[in-house]
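The values are calculated or read from the model by the stated rules, or taken from the named source; none is laboratory data. All values reported here derive from a predicted model rather than from experimental measurement. Virtual Cβ from ideal backbone geometry, glycine too; neighbours counted across all protein chains shown. For accessibility, only protein heavy atoms count, side chains too; no ligands or nucleic acids. Shrake-Rupley method; radii C 1.70, N 1.55, O 1.52, S 1.80 Å.
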Amino acid sequence: MRLRALLALLGAALLVLVGPPLLTPGSGTETGTQIPGLRFMVPNTPGGGYDITARTAAKNAEDADLTHNVEVFNLPGAGGTVGLTRLVSEHGNGKLAMSMGLGVVGAARSNDAPSTLADTTPIARLTEEQDVVVVAKDSPYKTIGQLVDAWKKAPGKLPVGGGSSPGGPDHLAPMLMAQAAGIAPKQVNYVPFDGGGELLASILGNKVAFGVSGVGEYLDQIKAGELRLLAVTGPERVAGLDAPTLQEAGYDVNFTNWRGIVAPPGLSDAERVKLTRLFEELHASDEWQQSLKRNGWDDAFLTGEKFGDFLDAQDKRVVSVLKELGL
């Protein structure tokens with residue numbers, strides 16, 4: 001009996017010693033952020049903005065000990081609507097989320113997709129960023145003024161590439177730029193690519209005269225001198241980059257992009273709350289805040305119904321702008 005009592009005491013002592021580390025701050029246990037088997041879908045090719053956002057979020061969540069072994073996978077096609085259709089078909093799957101943004105809003109409209117973002121569960125808007133107007137390092141255009149002067153002379157002969165379908169940010173930005181420069185948007189030779197990764201090769205290979213994409217996608221190539229940055233599309237210059245805004249250059253354009261996370265329809269309240277809490281904790285983490293600065297992303301955090309209302313407003317905005325541009 002004495003031996004049995006002694007073993008019981010030792011077992012209790014071990015539980016005391018082992019128990020606390022399982023509940024240490026940041027482990028994700030007490031905040032309910034651990035989602036075993038969580039997968040992030042990227043609805044375009046590797047290297048694009050959705051891809052960078054998803055992989056950064058997954059790594060930061062793991063580094064912050066919020067959840068573990070997050071799988072990131074790509075399902076490109078039709079400007080993100082192939083991925084959107086897959087997401088909507090995963091009804092009730094609380095272990096799946098999709099990285100997305102304004103490009104998917106536009107693609108769903110321009111491709112007349114069977115599913116829309118209204119069919120998803122909105123989780124969180126994460127970032128906002130400016131688009132950049134870039135050319136290859138050996139391009140004859142040294143300034144935005146030189147590029148636009150040549151563009152105005154022969155709009156159809158200077159193709160512009162973007163990493164989104166018509167109606168997406170990389171399409172709307174150059175169309176608004178053309179309109180501000182006195183070029184009819186219908187004359188613009190826009191070449192769509194399925195994400196910034198595909199677009200990059202065409203810019204570097206001079207297959208397009210210039211490209212428009214998110215600043216975070218091409219920050220490394222700009223700093224390495226592979227791409228020449230001519231202008232940014234937002235209201236202010238981007239810190240650390242030597243380029244004017246389009247407004248500074250004399251073109252009345254103020255345009256920014258955003259990215260966020262949506263989940264399949266039909267989630268239980270508990271699953272929706274848990275996914276939302278994961279991104280709330282991620283947003284508050286030092287790891288994520290450092291990633292915002294490193295990638296040139298502006299914090300635009302918004303969750304739940306407010307994000308859902310924002311998605312609805314963005315859909316209406318895309319329709320309105322396309323009509324205004326005569327597209």
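Per-structure values
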quantity	calculated
Accessible area of the chain divided out per residue, in Å², using a probe of 1.4 angstrom	44 Å²
Pairwise FRET efficiency - A150 versus D299, Cβ, R0 = 41 Å, nearest 0.05	0.65
Distance (nanometres) between label positions extended 7 Å along Cα→Cβ at S268 and A180	5.0 nm
The stretch 189-252 versus the stretch 46-104: alpha-carbon centroid distance in Å	24 Å
Net lengthening on full extension, A284/R317 (0.36 nm per residue, minus Cα-Cα)	8.9 nm
Relative contact order [Cα under 8 Å, 6+ residues apart], the chain, whole percent	25 percent
Two-site FRET efficiency, K137 against D63, from Cβ-Cβ distance with R₀ of 30 Å, rounded to 0.05	0.30
Helical mean residue ellipticity (222 nm; -39500 (n - 2.57) per DSSP H run of 4+; nearest 500) of the chain	-13500 deg cm²/dmol
Contact order normalised by residue count of the stretch 203-327, Cα under 8 Å, 6+ apart, percent	17 percent
Candidates A58, A284, A178: whichever shows maximal mean-square fluctuation once the chain is modelled as a Gaussian network with Cα springs under 10 Å	A284
Nitroxide proxy distance, nm - points 7 Å out along Cα→Cβ at K207 and H91	4.0 nm
Accessible-area composition of the chain, carbon plus sulfur, in percent [1.4 Å probe]	54 percent
